[in-house]
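One structure is given below, encoded as structure tokens.
The values are calculated or read from the model by the stated rules, or taken from the named source; none is laboratory data. All values derive from a computational prediction rather than experimental measurement. We place every Cβ from the backbone using ideal geometry, glycine too, and count neighbours over all the protein chains shown. Accessible surface is based on the protein model in full, side chains and every heavy atom, while ligands, DNA and RNA are left aside. Shrake-Rupley method; radii C 1.70, N 1.55, O 1.52, S 1.80 Å.
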Amino acid sequence: MSPIRSATAALTSAVLAATLTACQFGTEEQDTSPIIIAADLELSGPGAPLGKTYQRALELKADQLNSSGALNGRQIELRVKDNRSDASESLRNVTDFSTDPQVSAIVMGGCNECAIGAVEAVNGQQVPMVALAAAEAIASPATERRYVFKLAPSAPDSAAALAVELRRNKIDEVGVLRSDDAYGTEGLTVLEAALDKADIEVRGVKTVRATDTDVSSQITALVEDEPEALVLWARAEQAGLAAVTAREGNFEGALYFDASAAGELFLGTTAQAAENATMVFTQTMVIDDVIATTPAKAARRQWFQDYTARFGGYHGSSSFAADALQLITDAAVRSPSNSGKPDREGIRNVLETSQMDGLSGPIRLTPDNHSGLMPQALTTLVVRNGRWHLAG
């Protein structure tokens, strides 16, 4: 499985720049107001590792866009608030952002409950929001979430890809550790359906909370059922902890990671336990393994290199934040502000019909589908020598 689209971010920027240049020949005064984009992120609490990744990615992408010359004299200004991994605090942040008439749009981090809890406020204030969390309830049904979009891998796509890999490797029985949140609940439903279709039995299911630092009881119970593999449907910290615990308990079966488990390229202290583990995720995570045969792949490789150069390592989920900022910026530039006040409705309308071959892979938003990352963006990765590689 590999991305199949060939449109490029570079081409998009070139077309955008040409369009903007053409507009300058009109009689209207050029809009040079800042494009203010707010971000509600988990910068403390259990979601902090991912939230800080998103903050770094947003800052890097904003710097790149601001220096690109493609914004027709405008500049992106980020306004970031910490939601402390708490849905109530997140809602306060979103309310503040949405009632500020200068804010063009909001980016939300990886907290599923935070994004779901913000839907009513965002729709009520008619401010576009792009969430980086994965739960389908964030952006679906689209008709009831006109201003809400998301970019993370969808549970049905991840479940289908995992089922294919498990079947290909002749795995007949699995145990599942899932996150104790909306994405974990939804994930279990679609995963069980996909596994049943592939004639794979689920021997046991256990949950893990974001704050858990010990998963020995859950893993022990799953291993006692003697599955051939464990599916770890949880974010990177818990998935890594589960892998170490399983190996310490002498579990010799295979390990499979859902897309939500993506973290750093190099696994650090979990490397030995995760050796040969499989994960379904986007190709950008391992783009240094890929020959840049298209402009889109070249752009992904450049992002990988720029992020690594600035921050000393690479985190797989960084590309989602960068793509969110690109989508919002393109929409904002195509919807000029009025006396410094952004055209939120115009931005929303552009977002709803956006298509691009992003850093994360092919992205397509439509009036019927506000979850933009397409299934073709997902591929199969494997751990070799302490880091993720492209499988095969």
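Observations on the structure shown:
- Annotation: amide H-H contacts under 5 Å for R203 (H modelled 1.01 Å from N, sequence separation of 5 or more, or interchain): V174, G175.
- For the listed residue pairs K81/K341; K150/K170; K52/K206, the alpha carbons are over 24 angstrom apart in K150/K170; K52/K206.
- Accessible area of H389 in the full protein assembly, 1.4 Å probe (Å², nearest 10): 40
- Between D172 and N338, residue separation times 0.36 nm minus the direct Cα-Cα distance comes to 53.8 nm.
- Applied to segment 105-115, the Karplus parametrisation 6.51 cos²θ - 1.76 cosθ + 1.60 on θ = phi - 60° returns per-residue 3J(HN,Hα) values of 6, 10, 9, 10, x, x, 7, 5, 5, 5, 5 Hz, with x for Gly and Pro.
- For Q75, distant residues with modelled amide H under 5 Å away: I35
- Solvent exposure, largest accessible area first (probe 1.4 Å, DNA, RNA and ligands not counted), of E248, E89, E144: E248, E144, E89
- Signed unit charges on C-beta, dipole axis of the chain, positive-most listed residue V223, C114, A142: A142
- A simple packing score, the average count of other Cβ atoms within 10 Å per residue, orders the peptides 148-161, 214-227 as 148-161, 214-227, with the highest score first.
- The peptide list 59-66, 288-295, 104-111, put in order of mean Cβ contacts within 10 Å with the highest first, becomes 104-111, 59-66, 288-295.
- The chain: antiparallel DSSP beta bridges as a percent of all, rounded to 5: 30
- When the chain is reduced to its Cα atoms, the Kirkwood hydrodynamic radius in Å: 21.2
- Taking a straight Cα-Cα cut-off under 15 Å and skipping sequence neighbours fewer than 8 places away in the same chain, the aspartates and glutamates within cross-link reach of K197 are D157, E165, D172, E173.
- Hydrodynamic radius of segment 120-270 per Kirkwood, over alpha carbon pairs, in Å: 16.2
- Contact order normalised by residue count of the chain, Cα under 8 Å, 6+ apart, percent: 20
- The accessible surface of the chain, taken with every protein chain in place and a 1.4 Å probe, is 49 percent carbon and sulfur.
- Our helix-only sum for the chain, with -39,500 (n - 2.57) per DSSP H run of n ≥ 4 divided by its residues, gives a mean residue ellipticity at 222 nm of -12500 deg cm²/dmol.
- Per-residue ³J(HN,Hα) for segment 379-387, Karplus 6.51 cos²θ - 1.76 cosθ + 1.60, θ = phi - 60°, Hz, x for Gly and Pro: 9, 10, 10, 9, 8, 9, 6, x, 8
- Here the peptides 67-79, 29-41 are ranked by packing, the mean other Cβ count within 10 Å, and the order with the highest first is 29-41, 67-79.
- Kirkwood analysis of the Cα pair distances in segment 209-269 returns a hydrodynamic radius of 11.8 Å.
- Solvent-accessible area per residue, Å², over the chain with all protein chains present [probe radius 1.4 Å]: 41
- Evaluated over the Cα positions of segment 79-184, the convex hull gives a direction-averaged projected area, one quarter of its surface, of 7.7 nm².
- Residue by residue, segment 253-259 carries 3J(HN,Hα) couplings of x, 7, 10, 10, 10, 6, 4 Hz when phi is fed to the Karplus relation 6.51 cos²θ - 1.76 cosθ + 1.60 (θ = phi - 60°); x denotes Gly or Pro.
- Cα gyration tensor, segment 31-131 - rounded (a/c under 1.5), prolate or oblate: oblate
- A simple charge model with +1 on the Cβ of Lys and Arg, -1 on the Cβ of Asp and Glu and nothing else charged puts the dipole of the chain at about 1080 debye relative to its Cα centre.
- Alpha-carbon centroids, segment 52-66 and segment 356-392: separation in whole Å: 20
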